[in-house]
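Report on the structure given below.
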Amino acid sequence: MSDQIDLLLTVVGGTVALAVIGIVFGLILLGIDRKFAAHMQARVGPPLRQPFTDVAKLMSKDSIVPENAVASVFNAAPVIALASAITLLLYIPVAGLSPVLGGFGDAILVMYILTVPALAMVAGGFASGSPYATVGAQREMVTMIAYEFPLAVAIVAVAYRFAMAGFADPFSLATMGGVGTGMVIWDVVGPLGIIGCLILLFVLAWVTPAELSRVPCDTPEAETELCGGIVAEYSGRNLGLFYLAGGVKTFAMIALAVAIFLPWNISWFTGITGWAALVADVIFFILKVIVVMFFSVSLIRVSMARFRINHLVSIYWGYIAVAALSGLVLVILDVLMKGGVVL
């Protein structure tokens, strides 16, 4: 009984801690992203604290519910979006630490949970009764259909390689992150597998802006076309919750990419041990997240204009999907060349 209570307290405490960490670092990442974009456009940009100021202002205002909206769904959507984004963090290993709720097959679960914030926004958009939000919700569903396939191929390809290498829990994110084994995807692949994984990393980098609805994949919002699109009718605390959900999901999505493809810890290179190693690894993890965000979010959104929805679908079902399948084929050929199990 005491073990169950300890487990419950650990899960609850870990959830609360990760919720706070996810919200804080999510907003920090949004501020850093805006700074990156501003400097690349020769602007000063807002201060790093601007996302915190924006959220504080939104939370101080009342939420207006349109007269023809389905109020219960309209108000529940931002709460579900934020809760599901925080839930993602419970399964992602950080700096070599085991996730709070890690277990067999959690990589598949995470792919499902990633869709929940988007589905919540879709439900909220339809429930608002606005024609702009309705069009935005339809675009969000089409966008999800476009990027989910290459995302699934990338994660399944990595899990398949771990399975063929003899790992007991190949679909566990802890396994992919080297927790407990010290072995990551780059340790179990050969030359063809390295090329395949680099392609898959490229695919995941391009899936990230679509997953986060950032330029050039922000067709569901498209302020210049749809007056804010899917969140056109949201205001006050409800809009603030969607803003927080976007920040947390940004942190979770990039942390997922880091955990799968860039899971190394700096303590392994420097020989640091004890608490100093933990602190150094956490700082190094945050730096990796910032670097990955620069290349997969900031650089792409500054250098490209918004895709039209038909172009977005063509790109993700065409070029990105083909790239993902090519990476998967190379990983399979790598297994065949190495004779299957290597451990």
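Data for the structure
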| read-out | value |
| --- | --- |
| The chain - percent of accessible surface contributed by carbon and sulfur, probe 1.4 Å | 71 percent |
| Value of Rg/Rh across the range 1-119 [Cα atoms, Kirkwood radius] | 1.05 |
| Sequence-separation-based contact order of the chain, relative, with Cα cut under 8 Å and 6+ spacing, percent | 28 percent |
| Cβ-derived FRET efficiency at R0 35 Å, E223 paired with H39, nearest 0.05 | 0.95 |
| Average accessible surface area per residue within the range 46-98, 1.4 Å rolling probe, Å² | 52 Å² |
| Net charge of Cβ neighbours under 9 Å - reference D33; Lys, Arg +1; Asp, Glu -1 | +4 |
| Relative packing of 80-88, 272-280, 94-102, which averages over residues the other C-beta atoms within 10 Å, highest first | 80-88, 94-102, 272-280 |
| Calculated Rg and Dmax of the chain using C-alpha coordinates, Å | 20.4, 65 |
| Cβ charges +1 (Lys, Arg) and -1 (Asp, Glu), total dipole of the chain, debye | 740 debye |
| Length gained when the stretch L8-D187 is fully extended (0.36 nm per residue, less Cα-Cα span) | 60.9 nm |
| Candidate lysines - alpha carbon under 26 Å from K288, same-chain residues fewer than 8 apart omitted | K35, K249 |
| Euclidean distance between Cα centres, the range 1-57 to the range 196-271, Å | 13 Å |
| Mean Cβ neighbour count within 10 Å, used as a protection proxy, ranking 24-33, 108-117 highest first | 24-33, 108-117 |
| Kirkwood Rh (inverse of mean 1/r, distinct Cα pairs), the range 200-317, angstrom | 16.1 Å |
| Relative contact order %, the range 110-225, counting alpha carbon pairs below 8 Å whose residues are six or more apart | 26 percent |
| Cα coordinate range in the range 86-136, projected on the principal axes (Å, largest first) | 46, 19, 12 |
| Cross-link partners of K338 among aspartates and glutamates (Cα-Cα below 18 Å; sequence separation of 8 or more within a chain) | D187 |
| Label-zone membership for the range 87-131, site V20, 7 angstrom Cα→C-beta point, backbone N under 19 Å | 87-91, 94, 100-101 |
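The values are calculated or read from the model by the stated rules, or taken from the named source; none is laboratory data. From a predicted model like this one, the values you see are computed outputs, not experimental measurements. Cβ: placed from backbone, ideal geometry, glycine included. Neighbour counts: every protein chain shown. Each accessible area value is taken on the protein alone, full model and side chains, heavy atoms only, with ligands, DNA and RNA left out. Shrake-Rupley method; radii C 1.70, N 1.55, O 1.52, S 1.80 Å.
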